[in-house]
Every structure is written in C-alpha cells, then in structure tokens.
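As structure tokens, the structure follows; a few thoughts come after it.
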Amino acid sequence: MADPKLKEKLIEDITLLKYVGINPVIVHGGGPAINKTLDRLNIEANFIDGLRVTDKETMEIVEMVLSAQINKEIVALINKMQAKAVGVSGKDGNLIKAKKKEFSDPEKDLGFVGEVEKINPELIEKLIEDGYIPVIAPVGVNDDGEGLNINADAVAGELAAALKAEKLIYLTDVNGIRFEAKDPESRVSQLTFSEIKQWISEGKIQGGMLPKVEGCMQAVESGVIRTHILNGLVAHPLLLEIFTDRGVGTMILKD
C-alpha cells in the first residue's frame with residue numbers, strides 16, 4: 001500500500017474479480033500511516049508483544065487515520081476504476097462487537113486495544129448483494145459504545161468465517177511463509193496445521209506473521225475453503241495466486 005503503482009495494480013485485481021463475478025471484501029490496517037501521524041504530533045508509539053499501546057488520545061488518531069484517511073483512499077481508488085465501493089468501520093451496524101484485550105500478566109495493559117467478540121455480517125452481506133465492494137477499517141465497538149483498535153489480520157479471519165467466504169487472502173511484504181525467514185527462495189507453497197504448530201514452536205513463524213497464520217487456521221476451522229498468505233510487493237498478486245498453478249504465496253490447509 002506504500003507504493004502507489006503497486007496499490008493501483010492491486011485495486012485493478014480487486015475490481016477485475018468483482019467484474020467476473022467474485023465478491024471481494026477488503027479489510028485494511030494502517031500501522032505505518034498511524035506511526036507517521038503520531039510522529040508528526042510528537043506522540044510516542046509504544047508496543048507490548050508487537051501490539052500498539054493505545055490510550056484515549058492515540059485511539060482518536062488511530063480511528064481518524066484508519067476510518068477517515070486510509071479507508072476513504074481505498075474506496076476512492078475503487079470508485080475511480082468504475083467499480084462501486086463503500087467504506088465502513090466495525091462501528092457501523094455493530095459490525096464488529098469487541099472486548100478489551102487482556103493479558104494474563106496484569107502489568108500489561110494495551111488501553112483501547114480489543115479483540116473480536118462477535119461479527120455481525122448483515123451489513124456486509126447487504127452491500128455485496130447491492131453490488132458494492134465493502135472496505136472495512138478494523139475498529140470495533142464495545143458494550144459502552146467505545147471504539148477499540150483491533151489487529152486487522154484477526155478481523156479479516158473472523159469476518160471471512162462469519163461470511164462463509166470461499167477464500168481468505170492476506171497480503172504482506174514477504175513472499176509467503178519461508179523455511180528460512182531470511183531466504184526468499186525457501187518459500188513453501190502450502191503448510192498444514194500440524195506443520196504450522198511445529199514451526200511456531202521452533203520459532204520459524206513469529207512476529208507479524210503469527211496473527212496471519214492464526215487467522216488462516218481459524219477461518220479454515222470455520223469453513224473457509226482456502227486461505228493464502230501472499231506477497232503484496234509484486235504486481236497483480238491476487239490474479240497470480242488465484243489463476244496460476246503454483247501461485248506467489250503460501251496456502252494453509254488442514255491435515
């Protein structure tokens with residue numbers, strides 16, 4: 001998403017899928033843009049276990065960047081290509097009911113950071129039925145009506161399960177899961193659940209790849225037929241993965 005040309009090619013993929021009868025739903029994050037805005041406002045970004053600590057002031061900025069900036073930028077690009085897109089956050093239609101993310105260690109407190117409690121997919125199903133491409137910012141809402149910042153990978157997995165999607169595709173900045181993390185040539189085309197659990201225990205899958213893998217596994221368990229982790233830094237990654245034999249990423253399968 002940082003490269004305008006690659007971003008345009010990705011949106012071309014998505015609009016083409018819509019034209020040929022596939023119904024794409026986009027869930028986006030926005031970490032780099034949030035960090036940039038916080039830097040500009042001289043607000044320090046803190047993380048615990050890779051998750052952003054989000055106080056009330058930071059939450060306002062997170063919501064502004066995700067819902068008002070990035071979300072509408074993606075919507076505008078899709079609309080520019082003559083498809084129809086609508087941007088929503090998890091607050092709209094109670095799409096993402098969330099609860100505060102808790103740790104077993106009471107010393108760890110992420111503030112306004114949540115995890116998905118329930119997905120109410122009716123709004124998204126209606127948008128799809130009416131011919132729109134939904135674009136979703138991963139902001140949930142708790143029982144008190146407060147916004148909570150949720151990991152976009154987790155939201156995508158939960159939403160795919162709730163929509164009974166045929167495919168869940170994660171885009172990242174590497175070419176899938178690798179046997180050796182620093183060696184692009186060691187990418188594996190597919191992994192089973194048991195292999196993934198072993199790789200996690202061996203430390204081969206960690207950091208930002210963990211929530212993607214966990215989202216894939218949970219989605220498959222919930223009935224999603226295929227899940228993929230792709231390199232978003234190549235042109236037309238979605239088309240290459242869907243319409244070629246070997247693809248450009250890693251597919252997650254049950255044993």
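The values are calculated or read from the model by the stated rules, or taken from the named source; none is laboratory data. On a predicted model such as this, the values are computed, not experimentally measured, just so you know. Glycine gets a Cβ as well: all are built from the backbone with ideal geometry, and neighbour counts include every protein chain shown.
Annotations
- Matching residues, region 122-146, being crowded, with 20+ Cβ neighbours inside 10 Å and either at pLDDT below 95 or within 17 Å of the chain's Cα centre (by Cα) (or both): ILE124, ILE133, PRO134, VAL135, ILE136, ALA137, PRO138, VAL139, GLY140
- Contacts under 6 angstrom Cβ, first residue in region 29-41 being touching a residue at least 40 places away in the same chain (Cβ under 8 Å), partner not acidic (Asp, Glu), 6 or more apart: GLY29/ALA152; GLY30/VAL65; GLY30/LEU66; GLY30/ILE70
- Residue count for region 74-92, restricted to those that are of a type in the set (Ser, Thr, Tyr) and assigned to a loop (DSSP other than H, G, I, E, B): 0
- Considering LYS197, LYS212, the condition of being within 30 Å of LYS5 (Cβ to Cβ) and either not polar (S, T, N, Q) or not in a strand (DSSP E or B) (or both) is satisfied by LYS212 alone.
- Residue match in region 77-90 (condition: surrounded by fewer than 14 Cβ atoms within 10 Å (Cβ to Cβ), within 19 Å of the chain's Cα centre (by Cα) and either over 23 Å from ILE242 (Cβ atoms) or among the basic types (Lys, Arg) (or both)): no
- Under the condition of being within 15 Å of the chain's Cα centre (by Cα) and of a type in the set (Lys, Arg), the residues counted in region 147-183 number 1.
- Within region 93-116, the only residue that satisfies the criterion of being part of a strand (DSSP E or B) and at positive phi is GLY111.
- Filter result for the condition that a residue is among the β-branched types (Val, Ile, Thr) and outside any strand (DSSP E or B), over ILE128, ILE169, ILE136: ILE128
- Options ASN42, ASN71, ASN35: the member that is of a type outside the set (A, V, I, L, M, F, W, C) and on the phi > 0 side of the Ramachandran plot: ASN42
- Inter-residue pairs, beta-carbon under 7 Å, first in the same structural domain as ILE229 (by TED's automatic domain parsing) and in region 184-206, second hydroxyl-bearing (Ser, Thr, Tyr) and not in a loop (DSSP other than H, G, I, E, B), 6+ apart: ARG187/THR250; VAL188/THR250; SER189/THR250; GLN190/THR250; LEU191/THR250
- Residues of region 3-49 that turn out to be more than 24 Å from ALA161 (Cα to Cα), of a type in the set (Gly, Ala, Ser) and touching a Leu at 6+ places or on another chain (Cβ under 8 Å), as a count: 1
- Being at pLDDT below 90, of a type in the set (S, T, N, Q), surrounded by fewer than 22 Cβ atoms within 10 Å (Cβ to Cβ) and assigned to a helix (DSSP H, G or I) is a condition met by at least one residue of region 181-192.
- Pairs linking a residue in region 67-81 that is not assigned by TED's automatic domain parsing to the domain that holds LYS7 and among the basic types (Lys, Arg) to a residue that is modelled with pLDDT of 95 or more and surrounded by fewer than 20 Cβ atoms within 10 Å (Cβ to Cβ), with Cβ atoms under 9 Å and 6 or more positions apart or on different chains, do not occur.
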